[in-house]
Each structure stands twice: as C-alpha cells, then as structure tokens.
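Asks: Before I ask anything, here is the structure I am working with.
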Amino acid sequence: MSSAIIENKNQAFGSTSHQSNTLIIEISPESISLCEYNSNYHTANFIFNYPLILKANENHVDAVISFFKNSGIHTQKFSYVYINIVNNLYTLCPAQFYDDEKKSLLLEFNCGPLNHMDVLVDEVSSSVKLIYAVNTQLKSCLNQHFPKHQIKHAITILNKLALFSPDLLQSNFIVQLRQSSLEIIHKNESNILFSNIYQVNSNEDVLYYILFAIEHFQLQPNQVLITLIGNFEATSEIIKYLKKYVSQIQLAVGNAAINKSHLIELPNHYFYTLIHRVICE
C-alpha cells in the first residue's frame, strides 16, 4: 500500500509556535507526526511528518527515542502536549467488567506476553475502556521530554470521533488506512460494535478484512456506508479497488469546528487522528 506525504517546504517546525499553545504527537511504527495547534481557537497551524527509517541494529523504540533526543522539539514552549500511540497491543473492555488490578492479565490474554511494557487505560465512552501497552523505555523518554503530556491510543481517538464527529455519524464503518495496518470500526448511532486493527501488505488484504467485518455482522457490501481515513490520494488505486466491491465509500471531510486553513492543500482525510485529538479531550 502506498501513501502520499505532504511536506510544507516553506516552513520549519516551530515557526508557528508563537501562534500555537498545543503540540500533538502521533507515534506509529512507520513515522512520527507532529501538529502545532491552537486549542483556544481550534486551529491546526502546521504539520510535520518524519518517516522512521531504521539504521542497522536499530529497533523502532531506539529510533523514536533518538528522534526526540536530537530534534529539540521538547525545547519549544507549549502549554499542552498530547500524544497518540499507534500499535496493535490493545483490547476493549466493558466498563462494568473492568478491574484495574487485572488490566495487565486481560491485555496479555488477548495480546500475549508484555515484556518491558507499561499498561495504560483510556476511557472510550462511559461504557467502554481501552487497555493498551506502551514500551517502558519509550514511555520513560516521553515522561522526560514532555513531563505533563497526556497520552492516548490512536484507536481511542478514532472510536470517540466515530460517535460524535458530524462527518462520521452516518457511516456504518470507519476505516483508517495506514502504511502497513488497517483499523476498522463498526458502529450504530450510539455504540461501538466492533473495533480492530490488522496488519496488511496489499490492497487485497485491505479488501479481505473489510469484507470479513461486513459479513461478520451479516450485512451486504451494498448495505453499508464506509468512510475512509488516511494519508492516501483520493485517486489512489486502493479507492478504485474498494469501489469495485463496496458501492458506498466516502472520504472523511473532518470536523468543521477545526480551522485547517493554514494547512494548504492538505486533504481533509489526512492525519485525521492527529488533527482531531484536541476535540476528544
């Protein structure tokens, strides 16, 4: 799967910090994305995306820590720092059955051994919690560089938005395409019915998991409306491919409450959970 990355060649990170009181960071297996944001006026001022290219004998955590140590981002003065984590080490739990003392056991049951991991919890809604893991060394680095940061799993953000963001309310399914993974959410008007992440290597993989989710709920492809999110062009092959099998597909247009006028030529479905993080607080 290919993805297009928009770079702003006329600005550098920090150049709009005088207009921004908030820094949003999203850490995925493929990249680190940053957004300078004014939370008083809900204005996204600048986005920077840094692809993680691993050196010899370097793992993902080492690369992320090296970026934060050497970039100087933590020297910028922001009143608020929000961090989104993207990984597949999570599980949803009904709030009525949640036990804080057993959260690690529940996550290990679903994801396997969690060596050198901190286990955290997000509240998706009043009835659902999300339990997830973050590498202990990475979490320590974030604590050091951004002592007052607020961290959430990116799928928590997407689940929250699925329930209240106007551009997603009419959709049965919300699908976020990343470089090597796929996030699928199925919902009704008031509840998340299904939320999962899959590793994908091809357009065929994407189609398989979408059709699997549709069939799981005994629906037909012509009965659902899918909203797509991700850093891909509207004319990309994946869109053409999916439309052969699912007739009602649209791209997310974003929440109108957020001013994105400074993000020239950035499509509305790009960097969705990054840009929309603040309105989920």
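The values are calculated or read from the model by the stated rules, or taken from the named source; none is laboratory data. Everything numeric in this text was worked out from a predicted model, so none of it was measured. Every residue, glycine among them, receives a Cβ derived from its backbone with ideal geometry; neighbour counts consider all protein chains shown.
Asks: Among the numbered criteria (1) out of contact with any Asp or Glu (no Cβ under 9 Å at 6 or more places or on another chain); (2) within 26 Å of residue 125 (Cα to Cα); (3) not aliphatic (A, V, I, L, M), which single criterion is violated by residue 195?
Replies: Condition not satisfied by residue 195: (1).
Asks: Looking at this structure, is residue 7 among the acidic types (Asp, Glu), modelled with pLDDT under 95 and either over 30 Å from residue 235 (Cα atoms) or surrounded by 19 or more Cβ atoms within 10 Å (Cβ to Cβ) (or both)?
Replies: In short, no.
Asks: I'd like to verify a number: residues in the range 180-214 that are within 21 Å of residue 153 (Cβ to Cβ), of a type outside the set (Gly, Ala, Ser) and either assigned to a loop (DSSP other than H, G, I, E, B) or under 14 Å from the mean Cα position of the chain (by Cα) (or both), how many?
Replies: Residues meeting the conditions: 9.
Asks: Looking only at the range 100-119, filter to residues that are of a type outside the set (D, E, K, R) and touching a helix residue (DSSP H, G or I) at 6+ places or on another chain (Cβ under 8 Å); which one of those is farthest from residue 34 (Cα to Cα)?
Replies: 114
Asks: To continue, here is another question. If we scan the range 183-200, do we find a residue that is hydroxyl-bearing (Ser, Thr, Tyr), surrounded by 19 or more Cβ atoms within 10 Å (Cβ to Cβ) and either touching a strand residue (DSSP E or B) at 6+ places or on another chain (Cβ under 9 Å) or at pLDDT 95 or above (or both)?
Replies: yes
Asks: Next question. In the list 38, 84, 70, 57, which residue meets the criterion of being modelled with pLDDT of 95 or more and more than 24 Å from residue 178 (Cα to Cα)?
Replies: 38
Asks: Test residue 81 against the criterion of being within 17 Å of the chain's Cα centre (by Cα), crowded, with 18+ Cβ neighbours inside 10 Å, in a helix (DSSP H, G or I) and β-branched (Val, Ile, Thr), and give yes or no.
Replies: Judged against the criteria, residue 81 is not a match.
Asks: Return the residue satisfying two criteria in turn: it lies in the range 87-127 and is among the aliphatic types (A, V, I, L, M) and under 21 Å from the mean Cα position of the chain (by Cα), and of such residues it is nearest to residue 177 (Cα to Cα).
Replies: That would be 89.
Asks: Among the listed residues 185, 214, 238, 131, identify the single one that is touching a Lys or Arg at 6+ places or on another chain (Cβ under 8 Å), of a type in the set (A, V, I, L, M, F, W, C) and over 30 Å from residue 72 (Cα atoms).
Replies: Only one candidate passes the filter, namely 131.
Asks: Then there's this: Considering only the range 227-239, state which residues are in a helix (DSSP H, G or I), of a type in the set (A, V, I, L, M) and either touching a residue at least 40 places away in the same chain (Cβ under 8 Å) or loosely packed, with under 14 Cβ neighbours inside 10 Å (or both).
Replies: If the condition is that a residue be in a helix (DSSP H, G or I), of a type in the set (A, V, I, L, M) and either touching a residue at least 40 places away in the same chain (Cβ under 8 Å) or loosely packed, with under 14 Cβ neighbours inside 10 Å (or both), then 238 is the only one that fits.
Asks: Can you list residue pairs whose Cβ atoms sit under 9 Å apart, with the first residue in the range 50-64 being surrounded by 10 or more Cβ atoms within 10 Å (Cβ to Cβ) and the second being among the aromatic types (Phe, Trp, Tyr)? Count only pairs 6 or more apart in sequence or on different chains.
Replies: So the pair list comes out as 50/67; 52/67.
Asks: Could I ask something else about it? Only residues that are within 23 Å of residue 151 (Cβ to Cβ), touching a His at 6+ places or on another chain (Cβ under 9 Å) and not in a loop (DSSP other than H, G, I, E, B): list them for the range 250-280, please.
Replies: Scanning the range 250-280 gives 278, 279.
Asks: Would you check if there is a residue in the range 240-249 being in contact with a strand residue (DSSP E or B) (Cβ under 8 Å, 6 or more places away or on another chain), at positive phi and assigned to a loop (DSSP other than H, G, I, E, B)?
Replies: The answer is no, given that none of the residues of the range 240-249 is in contact with a strand residue (DSSP E or B) (Cβ under 8 Å, 6 or more places away or on another chain), at positive phi and assigned to a loop (DSSP other than H, G, I, E, B).
Asks: Shifting gears a bit: Looking at the range 154-164, which of the residues that are at pLDDT 95 or above and over 18 Å from residue 231 (Cβ atoms) is surrounded by the fewest Cβ atoms within 10 Å (Cβ to Cβ)?
Replies: Ranking the candidates gives 162 first.
Asks: Tell me the residue from 129, 103, 152, 148 that is of a type in the set (D, E, K, R) and assigned to a loop (DSSP other than H, G, I, E, B), please.
Replies: 148
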